[in-house]
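Undergrad: The structure follows.
Derivation of every value follows stated rules applied to the coordinates shown; laboratory data play no part. Bear in mind that the values here come from a model prediction, so they are computed numbers and not experimental data. With ideal geometry, Cβ positions are generated from the backbone for all residues, glycine too; neighbour counts draw on all protein chains shown.
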């Protein structure tokens, strides 16, 4: 786990983990990890006849299998996460992930694709718990503001999972979010809404991110829009071109949600101060 191992262990020590629908073997693996971290494990069985048994409120993290070893008939189905309120880690296969994007919009939820490792479980548990705490802080902050004061960010990306993650993060932080799945639509939204910032993927249909950025910087009505470029590549030429075209910042995929939010908030605050 690297240099932050002590921080991870301290964060997870004493937490209460609910195990839902895991096979015996998978549950034993999770228990072994939890014992090493000083966390407490409880196996939860849902029973409609016993409502109190179904309460997950006492738990800090839920670890649930959406299907057992690829057998969807043994799982809860893609919608069951809507009933889970604590931070959650869902275990399944790639098809399960594709069918669960709506349930995974919160940054305090994560997904592990089988086969998973003990280190991955530890880090994902740390991640969802940390983001749950950050979500609560941001929710408190958002409630203290009127909706008229909320900034607006346009997210332009044709990748559904990236858009889902960013939309959830922004709205949790009290930031209005409007999305576009191609470059032309992104440019039209920027001209119409004059947003506080734009998150712009480089590779998109109809117009590339570079073309959209160039058009924005040549349009006096929106030329000052802060832009963060999203790129799946760390090739230096793309980064150099982003800045030469007028980008304010760039983030490479896969990105860390905290890093993205920190960069966005910095640009939004900077613009508000102008």
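Undergrad: Between residue 253 and residue 211, what is 0.36 nm times their sequence separation minus the Cα-Cα distance? Round to one decimal in nm.
TA: 13.1 nm
Undergrad: Arrange the following residues from fewest to most other Cβ atoms within 10 Å of their Cβ: 222, 240, 90, 43.
TA: 240, 43, 222, 90
Undergrad: Return 256, 184 ranked ascending by Cβ neighbour count within 10 Å, so the fewest neighbours appear first.
TA: Starting with the residue having the fewest Cβ neighbours, the order is 256, 184.
Undergrad: Would you mind ranking 11, 172 so that the residue whose beta carbon has the fewest other beta carbons within 10 Å leads the list?
TA: So the ranking, lowest neighbour count to highest, is 11, 172.
Undergrad: Set the Förster radius R0 to 30 Å, insert the Cβ-Cβ distance between residue 32 and residue 232 as r into 1/(1 + (r/R0)^6), and round the FRET efficiency to 0.05.
TA: Plugging the Cβ-Cβ distance into 1/(1 + (r/R0)^6) gives 0.25.
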